[in-house]
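Engineer: The structure that follows is given in the form of structure tokens.
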Amino acid sequence: MGTDKDGLFLKHRLAQIVVLVTGFWLLVSVCYAQSISSTALIKNAKQYDGKTVVYQGEIIGDVMVRGDFVWINLFDGENAIGIWLKKAALPKIKHVGGYHRKGDVLEIEGVFHSSCLEHGGDLDMHAGRIQIIQEGYLTPESLNPAKMVWAKIFSLTVLLLLAVMLIQNSIFRWKKR
Amino acid sequence: MLLKPSNDDICVISYHIGKIIVAVSLCLVLPILTAFVFNEHAPILDFVISLGFSLSLGFLLIILFKTDKELHWMHGMVIVSLSWLILAVLAAIPLYLSGHWHSFLDAVFDAMSGYATTGLTLAQDLDHLSMSHQMWRHLTMFIGGQGVIIVALSFLAAGTGGAFKIYVGEARDEKILPNAIQTAKFIWMISISYLILGTLILGLMAIWEGIAPLRAFFHGAWIFMAAFDTGGFAPQSQNILYYHSFLFEIGTILMMILGIINFKLHFSLWTGNRREIWRDIEMISLTSTILISFFFVAVGLAKAGVYPQAVALFRKGFYHLISGHTGTGYMTLYASQFMQNWTPLALVSLIVAMGLGGAMCSTTGGIKALRIGLVFKAFIQDVRKLMYPESAVLIEKFHHIKDLILEDRQVRSAALIFLAYLGLYLFGAIAGMAYGYPFLESLFESTSAAANVGLSCGITTISMPVVLKLTYIFQMWIGRLEFVAVFTLAGFIIAFFRGK
């Protein structure tokens, strides 16, 4: 009887250890999943094809809604890659990158396609998990004082030369007569 | 004996260059208006400085070299070739001031690429560029596609006596209407009508694909400008891939095809003569070369098995073939994917298609369909001659707007330009190889630059050697002007220094 109890106890312990180790491994792999750069993905597209990868980048341009899905493009400073995901999965985007606008930085985990069969051979990613890891912001425009001076100088020069040209034209016409 | 150009020659050339600078610079008003629409303050300064500097230079040339002397053919050629260089430098000023170009040379590279409707770019962080700078980039393509001389002739019609002599210098030796100024105005009328229609169609497509209305119409206008003018610039760094849209790809294919048609043929179509499209030697030549080159591209890609589905093969193979053949350079691939995924057969077929180009008197570059057609006809004629008795007189005819008889001088001229283009493609390829790039990559990029295409396999980056940047600028310039004007300029410079 005692050996049965010990065996059961050992089995339980073993199962607990297996669950803990697996859980820890999953936790570690999710928390410390290295995001891959766009250049690495594009250069080694065949190697990553069909694999689940983590990619981070700034959302740029537009959020293009296509039915229940959405296309976004994430720029990691080197290239932008198109991400296809369910509309419902997209977190609330506050800023989309553009002129004087730094877009929200998103991290996605999804399947990478070197030439996606669903999307006409595009190199893209189909996102599973997506989260905002850094909020975007507006970068205020600043007027360069030196440029303002040059703009004034050239504007005045143009007016001056235009006046000279008109006078010259009048003299030219008068001489011809 | 080489004759040194006289002071009168210098005056005529400088005076007309001044006028062209003024006319083209006035187009900078459009990006300024765009800046107001999008509330972009800093870019306004970039454009005001550029406009001020360009107008000052133009006015100064007009004032200092004022003349009423007549234009000669040599003047026309020198004016055109020099104007293109000067305008590229002037167009680079607002680009450089935006801070998105690493150096002024890079900005000049993009400006020449824009005017020559090439589409190769060295812009940095394009996705954060202002809307007004985007407008200017795309406008350079629209201006260059129609031709800077066409712009000048349209604006300054009253004061340009020998208009046809400068019109021809811009690789446009076909007059549509009896007068060069009327022709220039007709070209603008067609282009602006198509611009309105194209913007509307592409804008609606962009809205359908999820882009906000105002941005959609601006994207529509820019994409149209670069597609119809077979340029290839796009407002986002991913080029056409950004839109992830089959609909948009179909739309741009139609615009690109519209852009490679001879303006003379457009005139025939507009005046109701629709049969011309099936009879013209250029259209037959174009259709044949597109179908043959696509066959080889498709075989090459099918062999590699990269795009196993017909839709993917069409969207990647046919799209890039049309983009290359029309000289547009729109891409739905990343540059390095050409070398990674495409087989040598597919790549070589694409390079050949890029080298051939579209129709004469269109917005495209390359050897041109008429020349291909004429050389092919002459070849057939020579073969037939061998099969007939020696005393037989064979007459070969072709249809180009009207029925014409094939003459030796036409074939000679076509063959010479054909050979000159082949030499230019090879020259750039050798320059690429000299810097350590493999042959196929070097030939790809060189042909793309010289035929004003814009597809890139990855050589065109800010880190490429300065000499290679200069080589591509030279290729874009000489390729767009089809040699004669540039060779005349070279002769003029030699005569200036060594003539008596």
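Where a number appears in this text, it was derived from the coordinates with a stated rule and is not lab data. In this text, all values refer to a predicted model and were calculated from it rather than measured experimentally. Quick reminder, even Gly has a Cβ in these numbers, built from the backbone with ideal geometry, and neighbours come from all protein chains shown.
Engineer: List, in order, the whole-Hz ³J(HN,Hα) value for each residue of region B:444-449 obtained from phi through the Karplus relation with A = 6.51, B = -1.76, C = 1.60 and θ = phi - 60°; use x for Gly and Pro.
Structural biologist: 4, 5, 5, 4, 4, 6
Engineer: What's the magnitude of the charge dipole for chain B around its Cα centre, counting Lys and Arg as +1 and Asp and Glu as -1 at the beta-carbon? Answer in Debye, nearest 20.
Structural biologist: Result for chain B is approximately 780 debye, rounded to the nearest 20.
Engineer: For region A:29-88 and region B:54-133, what is the centre-to-centre distance using only Cα atoms, to the nearest Å?
Structural biologist: Here the answer is 38 Å between Cα centres.
Engineer: So how far apart, in nm, are the two label points at B:LEU470 and B:TRP73 if each is 7 Å from Cα heading toward Cβ?
Structural biologist: 3.2 nm
Engineer: May I pose another question? What is the Å³ per residue value for the convex hull set by the Cα atoms of region B:427-468?
Structural biologist: 65 Å³
Engineer: Taking the Cβ of each residue in B:THR364, B:THR183, B:THR118 as the centre, tally the other Cβ atoms inside 10 Å and list the residues starting with the fewest.
Structural biologist: In order of increasing Cβ crowding within 10 Å: B:THR183, B:THR364, B:THR118.
Engineer: Something else now. Between B:LEU197 and A:LYS51, what's the calculated FRET efficiency when r is the beta-carbon distance and R0 is 30 Å? Round to 0.05.
Structural biologist: Once the sixth-power term is evaluated, E becomes 0.10.
Engineer: Take the residue pairs A:LYS46/A:LYS87; B:LYS19/B:LYS69; A:LYS46/B:LYS303 and return only those whose Cα atoms are more than 20 Å apart.
Structural biologist: Flagged as over cut-off: A:LYS46/A:LYS87.
Engineer: Determine the calculated [θ] at 222 nm for the protein assembly as shown from helices alone, applying -39500 (n - 2.57) to every DSSP H run no shorter than 4 residues and normalising by the residue count; nearest 500 deg cm²/dmol.
Structural biologist: -19500 deg cm²/dmol
Engineer: Below 8 Å between Cα atoms, with a sequence gap of 6+, how large is the relative contact order for chain B in percent?
Structural biologist: 18 percent
Engineer: I would also like to ask the following. Applying 1/(1 + (r/R0)^6) with R0 = 30 Å to the Cβ-Cβ distance of B:ASP408 and B:PHE439, what FRET efficiency is obtained, to the nearest 0.05?
Structural biologist: The pair B:ASP408/B:PHE439 has a calculated efficiency of 0.25.
Engineer: Pull up the cross-link candidates among the aspartates and glutamates for B:LYS377, meaning alpha carbon to alpha carbon under 18 Å and not fewer than 8 places away within one chain.
Structural biologist: B:ASP280, B:GLU282, B:GLU396, B:ASP403, B:GLU407, B:ASP408
Engineer: Across the protein assembly as shown, what fraction of all alpha-carbon pairs, as a whole percent, falls in each successive 20 Å bin from zero upward?
Structural biologist: 17, 48, 26, 7, 2, 1, 0
Engineer: Could you give P(r) for region B:343-500, binned at 10 Å from zero, as whole percent values over all Cα-Cα pairs?
Structural biologist: P(r) over region B:343-500, rounded to whole percents: 10, 32, 28, 19, 9, 1, 0.
Engineer: Using the crude model of +1 on Lys and Arg Cβ and -1 on Asp and Glu Cβ, and no other charge, please compute the dipole size for region A:30-125 relative to its Cα centre, in debye to 20.
Structural biologist: My answer is approximately 180 debye.
Engineer: A further question on this structure: Just report the Cα centroid separation between region A:91-163 and region B:236-284, whole Å.
Structural biologist: Going from one Cα centre to the other spans 31 Å.
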